[in-house]
Amino acid sequence: MDFLRPASWEEALAAKAEHPAAVPIAGGTDVMVEINFDHRRPEHLMDLNRIGDLEEWEVGEDSVRLGASVPYSRIMEHLRTELPGLALAAHTVASPQIRNRGGVGGNLGTSSPAGDAHPALLAAGAEVEAESVRGSRRIPIDAFYTGVKRNALAPDELIRAVHIEKAGGPQQYSKVGTRNAMVIAVCAFGLALHPETRTVRTGIGSAAPTPVRARTAEEFLEAALEEGGFWDNGKIITPSLAGRFADLCAAACSPIDDVRGTAGYRRHAVGVMARRTLTWTWESYRGARRTTEGAA
Ligand SMILES: Cc1cc2nc3c(=O)[nH]c(=O)nc-3n(C[C@H](O)[C@H](O)[C@H](O)COP(=O)(O)OP(=O)(O)OC[C@H]3O[C@@H](n4cnc5c(N)ncnc54)[C@H](O)[C@@H]3O)c2cc1C
């Protein structure tokens, strides 16, 4: 196995163009497991750790440009306000040691349906900045996941960064597992309210071949909130509305039975998480409205 160590992004792109099958390694928390268990024996391993830019982030007016290798612990520490859903998701990943190494670029590279970043990225609205010697492009997160552990990257492309909309409203992330730490999701759910556009976005993990959005549920909730004047009057969400949203989220899943849980349990749990996260985010929205009105 040859170990490539590009010193710059340009060198990394050139190396990937020359060896499209080379496996990039960032934190190594997925790659090294696969190599140690002999599930993968690449001819070339390409270390991205000398490329400092990949561990940096920029907070813009509307969005955050998150370098592909920014570790989860940094997201939790520095981007909790701008990216609350992703910070909450990061909090549920593994252990402090893994969170100090692993990042969103690696989660996207692996594209496991159980990866914790995915529901948060889907709910917030993100674009993956992919680059090769041929040029750079932005892949909308909805189009990124193409199958079980498959994604839209071309063989010569690398992920440089992820662009994520700054939260304009409350966001939540919920994960079901056998315990609180060091656990792969049985299933997970992300929800983001976008009051400025009066929209809601969801993300479901580990309950379909790829991470997915519950689009029918989103459309239902947006229409109900609009018709009921909820955004303006800050009314409490009724149990029937939350229940219907939960049912539609559960219906958006196409889970399987596996060692972590049955399909039926996953569908049920997604419904429960959808109802809870809707209640939590809506209560935050109402609280923020009351604070704003009180200050006026
Ligand atoms: C004990 C343990 C517990 C874990 N628990 C969780 C958990 O709770 N939730 C969770 O989501 N994950 C978990 N993981 C998996 C892993 O930590 C995450 O998927 C993490 O985000 C991977 O990031 P990394 O930087 O370590 O990726 P790496 O292992 O370096 O890479 C992962 C994949 O992405 C590719 N890649 C990396 N960077 C790039 C890039 N810039 N461009 C293109 N491809 C790239 C690699 O080639 C590889 O295919 C766990 C892993 C371990 C070992």
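General remarks:
- Any chance GLY115 is over 26 Å from ARG198 (Cα atoms), within 14 Å of the ligand (Cβ to nearest atom) and more than 9 Å from the chain's Cα centre (by Cα): no
- From LEU48, LEU121, residue being more than 20 Å from GLY190 (Cβ to Cβ) and among the aliphatic types (A, V, I, L, M): LEU48
- Any hit, segment 35-45, residues being touching a helix residue (DSSP H, G or I) at 6+ places or on another chain (Cβ under 8 Å), surrounded by 15 or more Cβ atoms within 10 Å (Cβ to Cβ) and closer than 21 Å to VAL104 by Cα: yes
- When ARG260, ARG213, ARG267, ARG276 are checked against the criterion of being under 20 Å from HIS118 (Cβ atoms), touching a strand residue (DSSP E or B) at 6+ places or on another chain (Cβ under 6 Å) and open to solvent by 20 Å² or more (accessible area, probe 1.4 Å), a single residue qualifies: ARG213.
- Tallying residues that are open to solvent by less than 20 Å² (accessible area, probe 1.4 Å), of a type in the set (A, V, I, L, M, F, W, C) and over 15 Å from LEU191 (Cα atoms) within segment 226-252 yields 3.
- Test set (1) within 11 Å of the ligand (Cβ to nearest atom); (2) farther than 29 Å from GLY287 by Cβ - VAL212 fails condition number: (1)
- Subset of segment 1-20 [free of Cβ contacts under 8 Å to residues at least 40 places away in the same chain, in a loop (DSSP other than H, G, I, E, B) and open to solvent by less than 40 Å² (accessible area, probe 1.4 Å)]: none
- Flag for VAL104 being open to solvent by less than 20 Å² (accessible area, probe 1.4 Å), within 8 Å of the ligand (Cβ to nearest atom) and modelled with pLDDT of 95 or more: yes
- Residue in segment 119-129 that is open to solvent by 10 Å² or more (accessible area, probe 1.4 Å) and near the ligand (Cβ under 8 Å from one of its atoms) present: no
Results for (1) free of Cβ contacts under 8 Å to residues at least 40 places away in the same chain; (2) over 15 Å from ARG65 (Cβ atoms), shown as yes or no for each residue.
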residue	(1), (2)
THR92	no, yes
GLN97	yes, yes
GLY105	no, no
SER111	no, yes
LEU122	no, yes
SER136	yes, no
ILE141	yes, no
GLY147	no, yes
ALA152	yes, yes
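- Contact map, segment 21-36: residues that are within 15 Å of LYS149 (Cα to Cα) paired with residues that are open to solvent by less than 20 Å² (accessible area, probe 1.4 Å) and more than 6 Å from the ligand (Cβ to nearest atom), Cβ distance under 6 Å, separation 6+ or inter-chain. Pairs shown: VAL23/PRO42; VAL23/LEU45.
The values are calculated or read from the model by the stated rules, or taken from the named source; none is laboratory data. Not measured: the values here are computed from a predicted model. Neighbour counts are summed over all protein chains in view; Cβ atoms, including those assigned to glycine, are modelled from backbone coordinates with ideal geometry. These area figures cover heavy atoms from the full protein model, side chains too; ligands, DNA and RNA do not enter into them. Shrake-Rupley method; radii C 1.70, N 1.55, O 1.52, S 1.80 Å.
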